[in-house]
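In what follows, a structure is listed as structure tokens, so that the remarks can point back to it.
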Amino acid sequence: MEKIAYRPETLTKTPFTYCPGCLHGVAHRLIAEAVDEQGLVNQMTGVAPVGCSVFAYKFFNFDMAQAAHGRAPAVATGMKRARPDMHVFTYQGDGDLAAIGTAEIVHAANRGEHISVFFVNNAIYGMTGGQMAPTTLPEMKTTTSPYGRKTDDIGFPIRVSELLATLIAPYYIERVSLLSPADILKAKKAVSKAIQYNKEGRGFTFVEFISTCPTNWGIDPLKSREWAKENMLPFFKLGCLRDKGEGVE
Amino acid sequence: MAKILMKGNEAVAEAAIRSGCRLYFAYPITPQSELIEYMARMMPKVNGTFLQAESEVSAINMVYGAAGCGKRVMTSSSSPGISLKMEGISYIAGAELPCVIVNVQRGGPGLGDIQPAQGDYFQATKGGGHGDYRLIVMAPSSVQEFADMASEAFDLADKYRNPVMILADGMLGQMMEPVEFKPSRSDEEIAEMWRQHESWCVCPNEDGDKKHHHEINSLEIDPQVLEKHVNDLYQKYGVIEKNEVRYEEFNVSDDNEILCVAWGTASRIVKSAINELKAAGKSVGLIRPINVWPYPYEAVAKAIGPKVKKVYVFELNTGQMLDDVKIAVNGKVPVDFWGKVGGIVFTPAEIQAKLEECF
Ligand SMILES: Cc1ncc(C[n+]2csc(CCOP(=O)(O)OP(=O)(O)O)c2C)c(N)n1
Ligand code: SF4
Ligand SMILES: [Mg+2]
């Protein structure tokens, strides 16, 4: 009989610290499943960011490092260079990766660093209580854009996947969503691909997840997924931007 | 081994490689660029990693990652770049990772200039980054000592799982002196050093009972747990304070009428002045802290002989180590200070004149 509900071996028994309905847990699970399926638990290592997923170092069953805010790609670089025999990923939010850590992600990608980056875009700073992120949508209200994000004042949301796709070195870049069961299945494929390429030493792999923050958006979990489909997906288009393994350049 | 004439910046890099450093991450800045350039040339020859980072912030975080894997790793910079590393240094200290950081100091504050200075003493010894932590800080005064400190620094870093800073300056980095190197550690010795960290570092897992879950981390969200962690760190620092005080006594005797205290480049100049005065029959002693943290408080206090009228501190700053000397002297005799700043180095004649005024 096929087991369809189980706890991936690569997740510890530590309970997630996320709000009910938060999709960080789904993203963790996809990564854990892919690591399990590819038999990588003994060679895997990850870097947790600063953000709601700061405790990710407790959730994965292999060795983990916790990085300063935004610095995960640099930490992962140091780890991969020190242990080329291990497979290294970072897990980062939009404030972590696209604001304070912009230099680190761009240069890790530009070096074609042999790491995977999992980027959870929920258009807000979840952990600190709902401030504006670089990915916050135009006119979206947050605690630091109480009148809505004004693009003439603070600019437009950053499309990180597209930005990184201007670089030559990255091997694989795809934007997926966690907003519906069908999208989660597609997201799983992207995660598996990123980890497989990582395992094969192909180069820098990047998966952006369009996610939600029901708590700080002030919208219940199910409605927040609908809100994200209507408002985020038109701006952050899903799809593969780079896949050198499949000739997508 | 025969002595080689070398710049301090290159000598410390060579010595680091010989002592088993196989990863180096840095960003260019004067007056330490010979160090990063030397590493760029030599690391590939020992199958090591040289990586020019996008910033000093990234470089120190690469160090955090590599040190988290238990490998000997180094970074270097000069004052403005060291400021950028402070966040990472605090994390490294909090996560108890061994690494070596070289600061080839230049004039500050701000962009300052590119001449030798000692203005980063406070930053190195009193914090710099946030939170309750300590760096072991070694202060060389010659190219030979700069080189010797590389391997000593790595050994101390490994022994205490603590970051160690070598606090040099533009003079020591740029000048050439004869230097003799210790033999290189063999690949087996280096592999053995790495294995010693396997109980805590990021490393491949094994199947079955041997499965581990190591966390490289400085976060403790529970105040009670953080309290214990910080207290444990302080206990470790206490052991370091007991074991790792290092200083040099120069011409210290009961005849001394003045006791000088100076470190690094400044101490060399003070020594020349003391020799001149000796020839003229005037007795001046010098305490040179070799490690500026932990600080040789007792040695300074003990060196105050019966005839000493004054303790005189000379630094290439506006009086930073001065505070530590005052703690050591504790009001026993007056403490005086003279320094030069802006990257201007005092001459032996200037020091001699200052000391002669005291007789
Ligand atoms: C240097 C530094 N600046 C600011 C913070 C405070 N801080 C913690 S998490 C965070 C934002 C995290 O947002 P994001 O990366 O989007 O993650 P999310 O919580 O939304 O998953 C900020 C600003 C910090 N910890 N360190
Ligand atoms: S604050 Fe938002 S992102 Fe953070 S755990 Fe709660 S729902 Fe998830
Ligand atoms: Mg976010």
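Here are the numbers for the structure shown:
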{"quantity": "Mean projected area (nm²) of the alpha-carbon convex hull when the range A:112-166 is viewed from all directions", "calculated": "4.7 nm²"}
{"quantity": "Global form of the range A:14-98, assessed from the alpha-carbon gyration tensor, a/c cut-off 1.5", "calculated": "oblate"}
{"quantity": "Directionally averaged shadow of the range B:167-209, computed from the convex hull of its alpha-carbon atoms, nm²", "calculated": "5.9 nm²"}
{"quantity": "Cα coordinate range in chain B, projected on the principal axes (Å, largest first)", "calculated": "75, 48, 38"}
{"quantity": "Principal axes of the range B:200-269: Cα extent on each, largest first, Å", "calculated": "69, 30, 20"}
{"quantity": "Computed [θ] at 222 nm, deg cm²/dmol, chain A (DSSP H ≥ 4; -39,500 (n - 2.57); rounded to nearest 500)", "calculated": "-9000 deg cm²/dmol"}
{"quantity": "Two-site label geometry, B:Arg268 and A:Leu167: point separation in nm, points 7 Å out along Cα→Cβ", "calculated": "4.2 nm"}
{"quantity": "For chain A: relative contact order, % (alpha-carbon pairs under 8 angstrom, 6 or more apart)", "calculated": "18 percent"}
{"quantity": "Environment charge of B:Gln235, counting only residues whose C-beta is closer than 14 Å and scoring Lys/Arg +1, Asp/Glu -1", "calculated": "0"}
{"quantity": "Lysine pair number, Cα distance threshold 18 Å (strictly under), the range B:248-356, separation 8 or more or different chains", "calculated": "23"}
{"quantity": "Added length on full extension, which subtracts the Cα-Cα distance from 0.36 nm per residue, A:Glu226 to A:Ala182", "calculated": "14.4 nm"}
{"quantity": "Quarter of Cα convex hull surface for the range B:4-195, i.e. mean projection, nm²", "calculated": "9.2 nm²"}
{"quantity": "28 Å Cα-Cα threshold exceeded, pairs from A:Lys188/A:Lys223; A:Lys13/B:Lys228; A:Lys150/A:Lys189; A:Lys58/A:Lys188; A:Lys3/A:Lys80", "calculated": "A:Lys150/A:Lys189; A:Lys3/A:Lys80"}
{"quantity": "For residues of B:45-54, the mean tally of beta carbons on other chains within 10 Å", "calculated": "3"}
{"quantity": "Partners for B:Lys242 among aspartates and glutamates (Cα-Cα distance below 13 Å; same-chain residues under 8 apart left out)", "calculated": "B:Glu298"}
{"quantity": "Efficiency of FRET between A:Phe235 and A:Lys189 - r from beta-carbon atoms, R0 22 angstrom, step 0.05", "calculated": "0.45"}
{"quantity": "The range B:121-203 shape via C-alpha gyration tensor axes, a/c threshold 1.5", "calculated": "oblate"}
{"quantity": "Share of alpha-carbon pairs per 10 Å distance bin for chain A, given as whole %", "calculated": "8, 34, 39, 17, 3, 0"}
{"quantity": "Radius, Kirkwood style, for the range B:1-100 when every pair of distinct Cα atoms is counted (Å)", "calculated": "13.6 Å"}
{"quantity": "Over the range A:121-249, equivalent-ellipsoid semi-axes from the Cα gyration tensor in Å", "calculated": "28, 17, 12"}
{"quantity": "Angle between chain B longest axis and helix B:143-160 axis [Cα atoms, degrees, rounded to 10]", "calculated": "50 degrees"}
{"quantity": "Net +/- balance of residues flanking A:Asn42 in space, Cβ distance below 9 Å, scoring K and R +1, D and E -1", "calculated": "-1"}
{"quantity": "Distance histogram for the protein assembly as shown (every C-alpha pair counted, 10 angstrom bins, percent rounded to whole numbers)", "calculated": "3, 16, 24, 22, 16, 10, 6, 2, 0, 0"}
{"quantity": "For A:81-89, mean number of other protein chain Cβ atoms within 10 Å", "calculated": "6"}
{"quantity": "Among beta bridges that DSSP assigns inside chain A, antiparallel share in %, nearest 5", "calculated": "25 percent"}
{"quantity": "Theoretical FRET efficiency, 1/(1+(r/R0)^6), r = Cβ-Cβ of B:Glu37 and B:Phe359, R0 41 Å, to 0.05", "calculated": "0.30"}
{"quantity": "13 Å beta-carbon shell around B:Glu34, net charge (K/R +1, D/E -1)", "calculated": "-1"}
{"quantity": "Rounded D (µm²/s) - the range B:248-356, Kirkwood Rh over Cα pairs, Stokes-Einstein at 10 °C, 1.306 mPa s", "calculated": "117 µm²/s"}
{"quantity": "Nearest-0.05 FRET efficiency for B:Glu249 and B:Glu192, computed from C-beta distance (R0 35 Å)", "calculated": "0.45"}
{"quantity": "Antiparallel bridge percentage (DSSP; both residues within the range B:248-356; nearest 5)", "calculated": "20 percent"}
{"quantity": "Spin-label pair B:Lys326/B:Ile221, simplified geometry with 7 Å Cα→Cβ offset, distance in nm", "calculated": "4.3 nm"}
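Just so you know, all these numbers are worked out from the coordinates, no wet-lab data involved. None of these values were measured; they are calculated from a predicted model. Using ideal geometry, Cβ is built from the backbone for each residue, glycine included, and neighbour counts are taken over all protein chains shown.
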